[in-house]
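The values are calculated or read from the model by the stated rules, or taken from the named source; none is laboratory data. Because the structure is predicted, anything quoted here is derived from the model rather than measured. Cβ sites come from the backbone with ideal geometry, for glycine too, and all protein chains shown count toward neighbours. The accessibility values were calculated without ligands, DNA or RNA, using every heavy atom of the protein model including side chains. Shrake-Rupley method; radii C 1.70, N 1.55, O 1.52, S 1.80 Å.
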Amino acid sequence: MTSSRIHLVKGCYMPQLGNKLVLYSNGICPYSHRVHLFLNAKQIAYQTIYVDIFKKPDWFEQKSPLGRVPVLELPDKTGPIIDSLIITDYLDERYPEIKLYPCDPYRRARDKVLIHRFNAVLDTISRIMYPTGRLRAIESVNEAAEELFGDLDFFETELQKRKSIFFGGAKPNAVDYMIWPWCERMMFFPMTDTGYELDKKRFEKLINWQDQMCNDSVVKSCALPPEFYYELYQRIKAKTLTTEFMDKASNYRENLRYHVTSMYKD
C-alpha cells in the first residue's frame, strides 16, 4: 500500500466505485473510526473514500445531505446509510457470520444502553480535544479531569460487574469497538497535563481493558499513536488543521489495514 490515498476536496471528481461496500470516511473522525473497526472486526471487504469534511466536494451532498461522515454505500442498493450507530447496526444484521452484538435481545439492549451512556464521556473528551469547538469550553484541567473521571467511573464499575477483561467478555464486542475511538484519543491527554492520568487503583479494570484493547488485532488495524493525536490537538488549537494532515492519518491507517493484518476477504 502506497501513500497515494488522499482526502477528496471541493473540485475533485467522484471516484469510480467497485462492487464492494464503500465507506466515505475521514482520517481524523472518531465516528468513521467506529465503522472501520466494525468492518475490520467482521472481516468485510470494502473500499474507503476519504473526504475532507471542511472542504468537501459538491457531489458529496448527494451521498450525505448533512455533509457528514461516515456514509456507507452499498453496490446493490439505491441509497446510502448515514450515522455510525445506524451503519454498525446494519452491518451486524446484514453480515451475521461474526456477530458483535449479543444475540440475546436483553443483553443486546443492555449493551446499547452502555453505548448511549458513553455519550457523556464522549462529550467531555471532545471538549478537551477540540477547545475551539461548539461544546462548552473547559475552564480548567481539574474541572475537565474530574468530569471525565466521574463519567468513566460507571464503565469501571460495569467491567467489575461483568467480571471480564472486555465489555464483550473474553474478547471485544460491539461495546468495546464503539467506545474505543474516543478512548484511543484520550491516551494523549497526559501529554498535555499530568492531571489527566488515570488513577491505577480507581481505574484498575479500565486501564487493563485499555491495555488489552491496544493489543487487539482489529484495534491495531486502524490505530493511530498518541503523538498523532497530540499534534492534531495542537493544530486544532492553532487553527492549522490541513487536508495534508488528514492524509497523514488516512495513509497511516490504510497501511496498517493492508500490512498489519491479513483478515480481509473479497
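Assess whether Leu91 counts as being open to solvent by less than 50 Å² (accessible area, probe 1.4 Å) and in contact with a strand residue (DSSP E or B) (Cβ under 7 Å, 6 or more places away or on another chain). When the stated conditions are applied, Leu91 does not pass them. Only one of the listed residues (Tyr24, Tyr50, Tyr31) is touching a His at 6+ places or on another chain (Cβ under 6 Å) and within 21 Å of Trp180 (Cα to Cα). That residue is Tyr50. Looking only at region 239-246, decide whether some residue is at negative phi, within 15 Å of the chain's Cα centre (by Cα), aromatic (Phe, Trp, Tyr) and part of a helix (DSSP H, G or I). No - not one qualifying residue is present in region 239-246. The residue that is least open to solvent (accessible area, probe 1.4 Å), among those in region 191-220 that are of a type in the set (D, E, K, R) and over 26 Å from Pro131 (Cβ atoms), is Asp216. The set of residues in region 27-81 that are without any contact (Cβ under 8 Å) to a residue 60 or more places away in the chain, among the aromatic types (Phe, Trp, Tyr) and either open to solvent by 10 Å² or more (accessible area, probe 1.4 Å) or under 21 Å from Cys222 (Cβ atoms) (or both) comprises Tyr46, Trp59.
Of all the criteria given as (1) open to solvent by less than 70 Å² (accessible area, probe 1.4 Å); (2) modelled with pLDDT under 95; (3) under 30 Å from Asn215 (Cβ atoms), the one not satisfied by Lys20 is (1). Every test in (1) free of Cβ contacts under 8 Å to residues at least 40 places away in the same chain; (2) under 29 Å from Leu21 (Cβ atoms); (3) open to solvent by 30 Å² or more (accessible area, probe 1.4 Å) is passed by Ala223 save one, and that test is (3).
Listed here are the residues, each with its yes/no results for (1) over 18 Å from Met187 (Cα atoms); (2) open to solvent by 50 Å² or more (accessible area, probe 1.4 Å); (3) in contact (Cβ under 8 Å) with a residue 12 or more places away in the chain.
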| position | (1), (2), (3) |
| --- | --- |
| Phe118 | no, no, yes |
| Val121 | no, no, yes |
| Tyr130 | no, yes, yes |
| Val141 | no, no, yes |
| Ala145 | no, no, yes |
| Gly150 | no, no, no |
| Thr157 | yes, yes, no |
| Arg162 | yes, yes, no |
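Okay, residues lined up against (1) at positive phi; (2) modelled with pLDDT of 95 or more; (3) under 17 Å from the mean Cα position of the chain (by Cα):
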position: Ser164; (1), (2), (3): no, yes, no
position: Cys183; (1), (2), (3): no, yes, yes
position: Pro190; (1), (2), (3): no, yes, no
position: Arg202; (1), (2), (3): no, yes, no
position: Asn251; (1), (2), (3): no, no, yes
position: Asp266; (1), (2), (3): no, no, no
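Name every residue in region 230-244 that is touching a residue at least 24 places away in the same chain (Cβ under 8 Å) and open to solvent by less than 60 Å² (accessible area, probe 1.4 Å), in order of residue number. Result: Leu232, Tyr233, Ile236, Leu241, Thr243. Of the helices (runs of 4 or more DSSP H) entirely within region 1-105, those holding at least 2 residues that are of a type in the set (D, E, K, R) occupy 60-63, 84-94.
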